[in-house]
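Notes for the one structure printed next.
The values are calculated or read from the model by the stated rules, or taken from the named source; none is laboratory data. Not measured: the values here are computed from a predicted model. Every residue, glycine as well, gets a Cβ built from its backbone with ideal geometry; the counts of neighbours run over all protein chains shown.
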Amino acid sequence: MGNPKAFLEIHRQEAGYRPIHDRIHDFGEVEQTLSTRERKLQASRCMDCGVPFCHWACPLGNKAPEWNDALYKGDWELAYRLLNSTNPFPEFTGRICPALCEKACVLNRFNHEPTTNREDECAITEMAFQEGFITPKTDIQRNGKKVAVIGAGPAGLAAANDLNLMGYKVTVFEKNEAAGGLLRYGIPNFKLNKAIIDRRISLLEAEGIEFCYGNAIALDDLAGLEKLASDYDSVVIATGTPTARDLKAPGRELKGVHFALEMLSQQNRVLAGMEFSKDERVTAKGKDVLVIGGGDTGSDCIGTAHRQGCKSVTQIEIMPKPVEGPEDPQNPWPNWPRTLKTTSSHEEGCTRRWNINTLEFLGKDGKLIGVKVQEIDWKPNPEGGRPIMVEKGKPEIIKAELVLLAMGFLKPEHPEYPKNVFVCGDSANGASLVVRAMASGKQTAQKVNSYLANK
Ligand SMILES: Cc1cc2nc3c(=O)[nH]c(=O)nc-3n(C[C@H](O)[C@H](O)[C@H](O)COP(=O)(O)OP(=O)(O)OC[C@H]3O[C@@H](n4cnc5c(N)ncnc54)[C@H](O)[C@@H]3O)c2cc1C
Ligand code: SF4
């Protein structure tokens, strides 16, 4: 710890976002950066606690006190080495991690001004790339064994990276035309520029990982999977959660009702240069948009709708409004507070409503024109478990020509696979976070290694 009193003298400073009028018309990253001096001052606020709750809260076990200290002292290379010792791709988490560590930071308990770990992580990694501290490792000793990884999302990439560095020959099979999973085809460019993914994939390729794109492996074809498992020493399944939760209300078939990812992935592809016919295009341009689902995917739809030129956006959620303010009495520090979150996309303009149930999609000539909704309430269930929904108020109609369903994803079910097949990331645990997917990928690489070592 460079400056033991820094947390008393220096306030938390976030880099903040580009002004709304500047960012709303483009898909460039919204987050700004601090100057090098300001960044080091932020790092100096870390108190190097005896019990680092940040380290406990981070699924990767990132050593924030250690790399914050190196950053404060200006040793960017050491800071990166420490960061990379637990986090294979800190340029991703540095941009889009909700930073479980910061909520668990003792300074959050003290005065709600935790360290800026996520931004520090991003700054360290960008400096490391800029200064040439990150170069491909080309002297990896090969052990003669080969592993197939199915899925090139953060879980598959983390597993592939660790296995490759352990000496396995790794081939990644990916159904899409490029790597990244939801990093590339879910998260909008205004949160994560896709050149950041390309830069890391080039490194992984230079280190010997082979990527086979446009290669969907049929997981329900057990015979095919068994063949793959016999062709390779081990197989890692990291295929995410491909099935979005649907809302089967009357009128679901109307033109204009889409899953969130239909819009988000298409927009990211458009920005990557792909073309779609007018009929295929899912766009908010000139439309009143209704986002159903109050979570982060819904928020990404709001930011995308603005950039596409929507007329208005409303976001509805069936659950009650979360508590406001920094503290969640139901889930106190150092746990993650389930409090109201206002993202950069919400700031750009949006009507947000809670306790709203969707009754029917309304259409004219096969096209969506509005959605019938009703305010509801939740009553405690006398038998315990999920509260009971009760109607409140009269049904009303929200005008909308585009509805985006952002209600989460179904957890995949897996049959019993051959013993040398392992499942990781969202595919194993259900929809979660990039940092959790990466941690799961790393743990699975260890399992594969132990299995093959003991075989
Ligand atoms: C819109 C959206 C925004 C999000 N924003 C954030 C955020 O800001 N921060 C955060 O931490 N998390 C966020 N998440 C969650 C995060 O993206 C996921 O938890 C994470 O990407 C899961 O990683 P994964 O590798 O397990 O799966 P995925 O990222 O889903 O990757 C799975 C990969 O497997 C491939 N695949 C699937 N089936 C096959 C097959 N049969 N054969 C070959 N390949 C296959 C897919 O094409 C994909 O590339 C967001 C999710 C969404 C949907
Ligand atoms: S990966 Fe996320 S939780 Fe872990 S240290 Fe970085 S910002 Fe914090």
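Within the stretch 149-183, the only residue that satisfies the criterion of being of a type in the set (D, E, K, R) and buried (at least 24 other Cβ atoms within 10 Å of the Cβ) is E174. Of the set (1) touching an Asp or Glu at 6+ places or on another chain (Cβ under 7 Å); (2) away from ligand 1 (no atom under 16 Å from the Cβ), all apply to G132 but (1). Assuming D220 fulfils every condition listed in (1) within 11 Å of ligand 1 (Cβ to nearest atom); (2) at pLDDT 95 or above; (3) more than 27 Å from I316 (Cβ to Cβ) apart from one, which condition is it? The number of the failed condition is (2).
May I ask you to verify whether E91 is among the acidic types (D, E), touching a residue at least 24 places away in the same chain (Cβ under 8 Å) and either more than 12 Å from ligand 2 (Cβ to nearest atom) or outside the structural domain of E31 (by TED's automatic domain parsing) (or both)?
no
Quick check on this structure: which one of V435, V421, V448 is closer than 17 Å to P59 by Cα and in contact (Cβ under 8 Å) with a residue 60 or more places away in the chain?
Among V435, V421, V448, only V435 is closer than 17 Å to P59 by Cα and in contact (Cβ under 8 Å) with a residue 60 or more places away in the chain.
For the stretch 393-452, enumerate the residues that are more than 16 Å from ligand 1 (Cβ to nearest atom) and small (G, A, S). Passing the criteria: G393, A400, S450.
Looking only at the stretch 94-118, how many residues end up being in contact with an Asp or Glu (Cβ under 8 Å, 6 or more places away or on another chain) and either more than 9 Å from ligand 2 (Cβ to nearest atom) or of a type in the set (A, V, I, L, M) (or both)? Looking only at that region, the number is 6.
Residue under question is H11, and the condition is that it be touching a Cys at 6+ places or on another chain (Cβ under 9 Å) and either surrounded by fewer than 22 Cβ atoms within 10 Å (Cβ to Cβ) or β-branched (V, I, T) (or both); does it hold? Taking the combined requirement at face value, the residue does not satisfy it. Looking at L83, is it away from ligand 1 (no atom under 16 Å from the Cβ), in contact (Cβ under 8 Å) with a residue 40 or more places away in the chain, closer than 30 Å to T297 by Cβ and in contact with an Asp or Glu (Cβ under 8 Å, 6 or more places away or on another chain)? Answer is yes for this residue. The set of residues in the stretch 412-449 that are within 16 Å of the chain's Cα centre (by Cα) and of a type in the set (D, E, K, R) comprises D426, R436.
The set of residues from the stretch 97-118 being without any contact (Cβ under 8 Å) to a residue 24 or more places away in the chain, more than 24 Å from the chain's Cα centre (by Cα) and buried (at least 19 other Cβ atoms within 10 Å of the Cβ) is empty. Scanning the stretch 15-28 for residues that are touching a strand residue (DSSP E or B) at 6+ places or on another chain (Cβ under 9 Å) and surrounded by fewer than 16 Cβ atoms within 10 Å (Cβ to Cβ) returns a single hit, G16. Kindly establish whether Y72 is closer than 12 Å to A128 by Cα, of a type in the set (S, T, Y) and away from ligand 1 (no atom under 16 Å from the Cβ). No; evaluated as a whole, the condition is false for this residue. When E416 is tested against (1) in contact with a strand residue (DSSP E or B) (Cβ under 7 Å, 6 or more places away or on another chain); (2) surrounded by fewer than 24 Cβ atoms within 10 Å (Cβ to Cβ), only condition (1) is not met.
Is it true that A43 is more than 22 Å from A195 (Cα to Cα), of a type in the set (A, V, I, L, M) and either in contact with a strand residue (DSSP E or B) (Cβ under 8 Å, 6 or more places away or on another chain) or within 16 Å of ligand 1 (Cβ to nearest atom) (or both)?
Against the criterion (more than 22 Å from A195 (Cα to Cα), of a type in the set (A, V, I, L, M) and either in contact with a strand residue (DSSP E or B) (Cβ under 8 Å, 6 or more places away or on another chain) or within 16 Å of ligand 1 (Cβ to nearest atom) (or both)), A43 does not qualify.
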